[in-house]
Amino acid sequence: MKIIIWVSIGFVILVVGVIGLVAVLGPGVSGGSGGGAGTAVRLEPVAVGELIEVVSAPGQVEPMTNVAISARVSARIAEIPFAEGEKVTKGNPDTDPPVPPSLLIQLDSTDLEAQLRSAKARRDGQAAQIEVEKSRIESQAATLQGTRASLDEARRDLNRNRELVASGDVSQSAYEQAQMRHDELDSRYVSAQASLEASRRALKVAEFSLKAADADIERAEDNLSYTTITSPIDGVVTIVNVEPGELAVTGTMNNPGTVLLEVADLSAMLVVAELDEADVALVHEGQPARVRMLAYPDRIFEGTVRSVALSATRLGTKFFKTEILLQTEGEHIYSGLTADAEIEVARHSEVLTVPSQAVLGRPIDDLPVDIRDNSEHVDKDKTIATVVYRFIDGKALVTPVKIGPSDVTHTVILGGLEPGEQVVVGPYKVLEGLSHDQSVKDEREEKDKDKDADETGPVDAEGEADADADDVEEAPEALADDQDDADAGE
């Protein structure tokens with residue numbers, strides 16, 4: 001009998017120990033929330049909303065107006081009054097008092113001033129030569145007139161002698177002498193006419209030379225004016241590439257010349273984006289855009305498409321240059337920043353959408369026969385069907401769908417689903433291996449169950465442990481009573 005009693009005591013102790021172990025380890029030993037059937041998946045409802053189609057294009061921020069200042073004449077740089085970051089103006093002659101333009105570069109003008117003086121001196125010499133030619137022409141004209149008078153007198157004398165020699169009143173020698181004088185004066189007259197015509201033509205040449213001298217003076221004055229370079233726009237000096245004392249080199253056909261500095265109007269900024277040729281037909285002037293920059297990670301800039309190039313660049317990958325005007329609201333944005341633009345090309349309202357990761361491609365031959373044969377959204381001429389997995393009564397049911405446009409995160413559903421239906425959207429590894437009619441469960445509900453179990457589990461275990469402890473305390477007393485009864489029986 002004592003053996004039976006001690007065996008009973010050992011059994012009670014063993015039971016209490018097992019219960020205590022379960023209370024300490026909690027639901028992890030018994031499987032916890034993972035004990036339910038089905039694979040945990042993420043579910044999302046089919047929603048009715050708005051979807052915006054966008055086209056992405058990388059680009060770079062540039063000022064809408066940027067002027068590279070180069071030299072028109074070669075000369076030493078004498079002065080650079082403005083440094084990078086300083087504001088300059090093109091001036092305003094209509095104000096009172098007038099505002100002069102800002103001096104950007106002052107070149108050494110010594111050589112050009114000497115060239116101007118030389119051109120003026122040549123011009124003065126040419127003008128004096130013209131006056132000499134005019135005087136010569138006047139003299140030749142007077143000589144020609146005197147020769148003409150002498151020639152007329154000799155002609156009359158010759159005619160008179162011709163009549164007298166016929167009547168025998170003068171000798172033949174007198175007639176011949178009159179003829180000789182007439183011929184000599186006639187030759188002088190013709191020569192004087194030719195000299196006068198030559199002098200007149202020489203005067204015209206001198207006048208043309210005078211005009212050339214005037215042009216040389218204008219060129220020299222123009223070149224001299226290029227030594228003073230002023231700002232062509234209101235803006236900010238963004239780049240200064242030279243120092244005083246350096247030689248400013250002019251450009252040639254194969255050499256663009258020295259860019260001395262750059263001035264930009266930073267109040268109007270552009271994103272010069274590289275639009276892929278596959279998207280260029282969708283983009284046109286006036287479309288809204290959203291721009292992100294690495295320098296401003298927490299901001300999104302609004303913009304508007306300003307222009308799209310009509311021809312593609314052919315440097316490496318073919319793309320179309322697209323300009324997007326940013327809305328900076330007067331804020332100065334750094335030039336040269338990398339930017340990513342999303343251009344809105346279409347907006348769809350009141351459409352069914354699902355997360356894009358829920359839309360899958362499945363071989364048509366792998367679909368169940370009833371679905372493959374009865375769904376209007378299965379194209380028998382293709383090998384792949386577009387499907388989603390609906391969540392119905394704890395099952396994942398493959399459902400062919402007809403899709404429309406998509407944005408970065410969602411896809412439009414044109415047929416096959418109804419608003420409010422639940423579809424499986426992840427995890428990706430589960431979606432890739434998911435099959436029709438597979439048991440699944442919402443991971444959010446499982447997470448809530450785990451949370452409830454974590455909150456209530458320790459309290460229940462503690463209560464059970466206290467009850468078991470009370471049983472242990474009462475067990476020796478009960479066994480003692482049994483022992484007394486047994487002794488009395490003996």
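Points worth noting:
- Looking across region 305-329, the residues that are among the hydrophobic types (A, V, I, L, M, F, W, C) and out of contact with any strand residue (DSSP E or B) (no Cβ under 7 Å at 6 or more places or on another chain) come down to L310, L315.
- Which listed residue, of S199, S231, is of a type in the set (S, T, Y) and more than 24 Å from A264 (Cβ to Cβ): S199
- Output for region 322-348, where each listed residue is within 13 Å of the chain's Cα centre (by Cα) and either among the basic types (K, R) or outside any loop (DSSP other than H, G, I, E, B) (or both): T322, E323, I324, L325, L326, T338, A339, D340, A341, E342, I343
- The one condition in (1) closer than 30 Å to E418 by Cβ; (2) touching a residue at least 24 places away in the same chain (Cβ under 8 Å) that V378 fails to fulfil: (2)
- Test result for A149, in contact (Cβ under 8 Å) with a residue 24 or more places away in the chain, part of a helix (DSSP H, G or I) and either among the aliphatic types (A, V, I, L, M) or loosely packed, with under 15 Cβ neighbours inside 10 Å (or both): no
- Region 384-413, residues that are part of a loop (DSSP other than H, G, I, E, B) and surrounded by 15 or more Cβ atoms within 10 Å (Cβ to Cβ): V401, D407
- Residue in region 91-121 that is farthest from L196 (Cα to Cα), counting only those that are touching an Asp or Glu at 6+ places or on another chain (Cβ under 7 Å) and assigned to a helix (DSSP H, G or I): L116
- Filter result for G49 (modelled with pLDDT of 90 or more, touching a Ser or Thr at 6+ places or on another chain (Cβ under 9 Å), surrounded by 15 or more Cβ atoms within 10 Å (Cβ to Cβ) and not hydrophobic (A, V, I, L, M, F, W, C)): no
- Among the residues making up region 71-92, those that are under 21 Å from L224 (Cβ atoms) and either crowded, with 17+ Cβ neighbours inside 10 Å or out of contact with any Ser or Thr (no Cβ under 6 Å at 6 or more places or on another chain) (or both) are A71, R72, V73, A75, R76, I77, A78, E79, I80, P81, G91.
- Filtered residues of region 320-370 (kept if buried (at least 16 other Cβ atoms within 10 Å of the Cβ), within 30 Å of K380 (Cβ to Cβ) and touching a residue at least 24 places away in the same chain (Cβ under 8 Å)): V351, L352, T353, V354, P355, Q357, A358, V359, L360, R362, L367
- Residue ID - modelled with the highest pLDDT, chosen from residues in region 152-172 that are polar (S, T, N, Q) and either within 29 Å of A192 (Cβ to Cβ) or in a loop (DSSP other than H, G, I, E, B) (or both): N159
The values are calculated or read from the model by the stated rules, or taken from the named source; none is laboratory data. Please read all numbers here as calculations on a predicted model, not as lab measurements. Counting neighbours? That spans all protein chains shown, and the Cβs are built from the backbone with ideal geometry, glycine included.
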